[in-house]
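Bear in mind these aren't lab numbers, they're just calculated from the coordinates by the rules spelled out. Nothing here was measured: the structure is a model prediction, and the numbers come from that model. Here the Cβ positions follow ideal geometry from the backbone for every residue, glycine too, while neighbour counts run over all protein chains shown.
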Amino acid sequence: MAREQIVLLGAPGSGKGTQASHLVKEFGYNHLSTGDLLRSEIAKGTELGQKVQGIIDAGNLVDDMTVLELLKANCDLENKVYIFDGFPRNGEQAKLLEEHVLKGAATKAIYFDMDLEHLIERITNRRVAPKSGEIYNLLTRPPKVEGKCDVSGEDLVHRKDDNEETVRNRMNVFRDTIGPVLDFYESQGQLVRLDASRPSDEVTKSLKEVISA
Ligand code: AMP
């Protein structure tokens, strides 16, 4: 059973969601993705969802406090262990997460390091199954039946912000904001870097070693 909180860091499409699902199954983690929480608000048509839809569609960042509040409302750190995916996105969010959520809890920040150019092709070919959480790639991991999830049979979704123009902007935003996040966790002695350009099962193996260490 896992004891440390995990912060997964990496560019869009670097495999955070795919790897998180392995850790959920094997170590009993709860996967908390701020992107999923925001998309769920949009799907429910809440006031918050309406406020953030245009920002997400353009590939820009929602303001720090809005995402922090949503995260806090969905988090029970006293009783559960989490994989934080998609938060923090900048240095300020790293500080907010520590001050308002983690508050000194044992934490590892794992950075999925890889070349951003390859990711654009990977993301534009990504298809997701919102209910089962399975993630497919039309080139490298196509579903058995076109457009359907192998596990749940539900229709696969091409995320609106997974088009090339938005993806390029998301990559630029990532490049501009990740430095201080890495500096923050490095200075806390919590940062582990993984080469995420390797095949997915090798990344899973390394990740499990890091978690068990
Ligand atoms: P993701 O699913 O992590 O790729 O996030 C999709 C989109 O949700 C991002 O491009 C942002 O618009 C928004 N988003 C997710 N997490 C955050 C965050 N921590 N801060 C600001 N915006 C976020």
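Taking amide H as placed 1.01 Å from N in the peptide plane, the amide H of Asn30 sits under 5 Å from that of Val81, Tyr82, Ile83, each at least 5 places away or on another chain. In sequence order, the range 184-193 has phi-based couplings of 4, 6, 4, 5, 8, x, 10, 8, 10, 9 Hz under the Karplus curve 6.51 cos²θ - 1.76 cosθ + 1.60, θ = phi - 60°, and Gly or Pro positions carry x.
Note on the chain: Cα-Cα pairs beyond 23 Å make up 45% of the total pair count.
Stretching the chain fully between Asn163 and Leu61 yields a gain of 35.1 nm (0.36 nm per residue, less the alpha carbon separation). Each stretch of four or more DSSP H residues adds -39500 (n - 2.57); spread over every residue of the chain, this sum gives -14500 deg cm²/dmol at 222 nm. Each part gets one Cα centre, and for the range 32-111 versus the range 127-204 those centres are 16 Å apart. For Pro143, what charge total do you get from the other residues with a beta carbon under 9 Å from its beta carbon, if Lys and Arg give +1 and Asp and Glu give -1? In short, +1. Classify the range 162-213: rounded, prolate or oblate, from the alpha-carbon gyration tensor (a ≥ b ≥ c, eigenvalue square roots; a/c under 1.5 rounded; otherwise prolate if a/b is larger than b/c)? Note, shape of the range 162-213 comes out oblate. For the range 27-135, just say rounded, prolate or oblate: build the C-alpha gyration tensor, square-root its eigenvalues into a ≥ b ≥ c, call rounded for a/c under 1.5, and beyond that prolate if a/b exceeds b/c, oblate if not. Because its axes are fairly even, with a/c under 1.5, the range 27-135 counts as rounded. Extending 7 Å from the Cα toward the beta-carbon at both Thr46 and Asp195 defines two label points whose distance is 4.2 nm. Legend: translational diffusion of the range 133-186 by Stokes-Einstein, Rh = Kirkwood radius over C-alpha pairs, 10 °C, 1.306 mPa s; D = 116 µm²/s.
Over all pairs of different C-alpha atoms in the range 110-213, the reciprocal of the mean inverse distance, the Kirkwood hydrodynamic radius, equals 15.7 Å. Sorting Ser212, Ser200 from the fewest to the most surrounding beta carbons within 10 angstrom yields Ser212, Ser200.
Remark: the Cα gyration tensor places the range 1-76 in the prolate category, a/c being 1.5 or greater and a/b exceeding b/c. Straightening the chain between Lys80 and Thr140 buys 18.2 nm, computed as 0.36 nm per residue apart minus the Cα-Cα spacing.
For the range 123-213, lysine pairs with C-alpha atoms less than 26 angstrom apart, excluding pairs fewer than eight positions apart on the same chain, total 8. Using the Stokes-Einstein relation with a Kirkwood hydrodynamic radius computed over Cα pairs, the translational diffusion coefficient of the range 1-44 at 10 °C and a viscosity of 1.306 mPa s comes to 137 µm²/s.
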